[in-house]
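Some notes on the structure that comes next.
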Amino acid sequence: MERLTPAEPLIELDGVSKWFGAFQVLRDVSLRVAEGERIVICGPSGSGKSTLIRCINRLEEHQEGRVVFAGRELGADTAGLTEVRREIGMVFQEFNLFPHLTVLENCMLGPVRVLGMSPADARERAMEFLGRVRIPEQAGKHPAQLSGGQQQRAAIARSLCMRPRVMLFDEPTSALDPVMIKEVLDVMNDLAESGMTMIVVTHEMGFARTVADRVAFMDEGSIVECLPPDRFFTSPADERTKRFLSQIL
Amino acid sequence: MDAAVLSAAVLALGYVFHRVDTVLEYRWDWSAIPNSLYRWDEETGRWVPNLLMQGFFTTVRLAILSMIPAALFGAVFGVLRTAGRLFPRLLSRTYVELIRNIPPLVFIFIFYFFISSQIMPVLGVEDFVRGASPATLRSLELVFGPAALIPNVISGVICLAMFQGAYMTEIVRAGIQSIPKTQTEAGLSIGLSRWELWRRVILPQALRRVIPPLAGQFITLVKDSSILSLISIQELTFLAMETAVSTTRVFEVWITVAGLYFCLCYLLSLAFGRLERSAAAARA
């Protein structure tokens, strides 16, 4: 894995626009994320946050602009796309574990089928990450037998097993109750401390304050402002950011 | 309550028999039935299946043999039906709509003519059977039944599989489409290829969901095989008609035949029940 110079971002969005039919979800969005950087994206629902991070691993296709990951521009070239996707981990709001597989099998699927690891090695790696998200004892269970918080941590472990260079979180705690939210945020804190590049769509402002390097506020498909948390929370420039913060804090 | 319902049912049945007996002056005579199931063969000195059992075995063969291609058609066209590209979708849709919107009987009349006049000569089944060595012939007979009827049975199998496959296609499609799109997204996000995604994520889940409706369709397939009697496939219904005429015991023959179909289908539904339970157990 080549080391990127600090000047060269790991992820670069450049003038990205996207429409769902006639409705424009993303308006000329630009964002550069350096390796090791932690970005939190917030904003009202329907502002395009999820769509934006889903463009990064091309679960959504953008229509204008460029999305570049580690020097590779994402386009219709699907052969290269799986290569890119294996380096981008993604955690969904609804966990999206594979219900017919055990937690362990969920974690082993990618390493065995995508990375070509032997089942024994994949199992070892899976157990390592399940330990790190603190649910090694749940390895043999099926997702339906786990609590929401455990499922989300299993989903995080599943992504980590691919040893991604960046982790995308799409409202990872929105489907959870407060106790479980803490379990998941603790794991995400650990991950941040380990130096993982993270882009997190969330309403958890506490997490944004303590973990993020920069907080981006999105409204109506554009990034209104993107500032370090101390400035974001104390002296936002835009009226809309102020209104949003007063509503949420 | 249960006892009341049961006795009412028994009474109703008794009444029907009574009416048949007195009003139609039908004289029940079951004596011809055992002989039309099995007869004593003087030449070999053994009991051999007579018309009804021969027909029953042919029906079992037809059912088993056509289940495989029918399931295959269903699986392939079902997957094509959900394809992103237009052409496979169109192809599969045409197949389904063509068959679903024509009565099975009409379809079979048309299609049988096509098979017997076009496909069978191309396949060269008849020549193959005629030229087969005794050993091959024996294994062929094990699978397809008496040598003389092999082309007959194969035509029946193709007909049955073609039209049952269309219904299975719809079942498979529904199963696949019932798997949330988020499963696809999760699979893609860990870098699975399209093929691995299908193989490891979508199909295993879809398959489990379609077992119950597919079981129903397999049972329908067995029952619908009776339609093939009208294109002279010598299965149970066809030979029952012959037996009914030759013995003149119409009610007795058809009640026996109904019993045979019931046994076959009921066994099948028991087997699928087991399969369903074991699939459910594997999931828990």
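Some notes on this structure:
- Residue match in the range A:139-146 (condition: more than 14 Å from chain B (Cβ to nearest Cβ) and either open to solvent by less than 10 Å² (accessible area, probe 1.4 Å) or over 12 Å from A:Glu94 (Cα atoms) (or both)): yes
- Qualifying residue in the range A:41-62 (condition: surrounded by 17 or more Cβ atoms within 10 Å (Cβ to Cβ) and in a strand (DSSP E or B)): yes
- The listed residues are B:Ile158, B:Ile202, B:Ile211, B:Ile171, and the only one of them that is touching a residue at least 40 places away in the same chain (Cβ under 8 Å), within 14 Å of chain A (Cβ to nearest Cβ) and either over 30 Å from A:Gly116 (Cβ atoms) or over 17 Å from the mean Cα position of the chain (by Cα) (or both) turns out to be B:Ile211.
- Condition broken by A:Glu128, with the remaining ones in (1) acidic (Asp, Glu); (2) open to solvent by 40 Å² or more (accessible area, probe 1.4 Å); (3) under 23 Å from A:Lys49 (Cα atoms) satisfied: (3)
- Total residues in the range A:111-124, condition within 14 Å of chain B (Cβ to nearest Cβ) and in a helix (DSSP H, G or I): 5
- The listed residue being assigned to a strand (DSSP E or B) and either modelled with pLDDT of 95 or more or within 14 Å of chain B (Cβ to nearest Cβ) (or both), out of A:Met108, A:Met90, A:Met127: A:Met90
- Residue check, B:Ala186 among the small types (Gly, Ala, Ser), surrounded by 21 or more Cβ atoms within 10 Å (Cβ to Cβ) and under 23 Å from A:Ala154 (Cα atoms): yes
- Of the set (1) away from chain B (no Cβ under 14 Å); (2) open to solvent by 10 Å² or more (accessible area, probe 1.4 Å), all apply to A:Ala76 but (1).
- Leading residue by the ranking (surrounded by the fewest Cβ atoms within 10 Å (Cβ to Cβ)) among those in the range B:1-26 that are over 34 Å from the mean Cα position of the chain (by Cα) and in a loop (DSSP other than H, G, I, E, B): B:Met1
- Here B:Ser31 does not qualify as hydroxyl-bearing (Ser, Thr, Tyr), loosely packed, with under 12 Cβ neighbours inside 10 Å and at pLDDT 90 or above.
- Residue in the range A:40-53 that is within 14 Å of another protein chain (Cβ to nearest Cβ) and basic (Lys, Arg) present: no
- Among (1) free of Cβ contacts under 8 Å to residues at least 60 places away in the same chain; (2) buried (at least 19 other Cβ atoms within 10 Å of the Cβ); (3) not polar (S, T, N, Q) - the single one A:Ile156 does not satisfy: (1)
- Of all residues making up the range B:185-195, the number that are in a helix (DSSP H, G or I) and at the interface with chain A (Cβ under 9 Å from one of its Cβ atoms): 6
- Residue that is nearest to the other protein chains (Cβ to nearest Cβ) [pool: residues in the range B:174-184 that are more than 19 Å from B:Arg93 (Cα to Cα) and either assigned to a helix (DSSP H, G or I) or in contact with a His (Cβ under 6 Å, 6 or more places away or on another chain) (or both)]: B:Thr182
- Test: B:Phe73 is farther than 27 Å from B:Val143 by Cβ, open to solvent by 40 Å² or more (accessible area, probe 1.4 Å), part of a helix (DSSP H, G or I) and among the aromatic types (Phe, Trp, Tyr): no
- Here the strands (runs of 3 or more DSSP E) wholly within the range A:164-249 that include at least 1 residues being closer than 17 Å to A:Val133 by Cβ are A:166-170, A:197-201.
- Across the range B:216-236, not a single residue is classified as open to solvent by less than 30 Å² (accessible area, probe 1.4 Å), closer than 30 Å to A:Val91 by Cα and either more than 14 Å from chain A (Cβ to nearest Cβ) or in contact with an Asp or Glu (Cβ under 9 Å, 6 or more places away or on another chain) (or both).
The values are calculated or read from the model by the stated rules, or taken from the named source; none is laboratory data. Predicted model only: the values in this text are computed from it and were never measured. We place every Cβ from the backbone using ideal geometry, glycine too, and count neighbours over all the protein chains shown. For the accessible areas, the whole protein counts, side chains as well, though only heavy atoms, and no ligand, DNA or RNA atoms are used. Shrake-Rupley method; radii C 1.70, N 1.55, O 1.52, S 1.80 Å.
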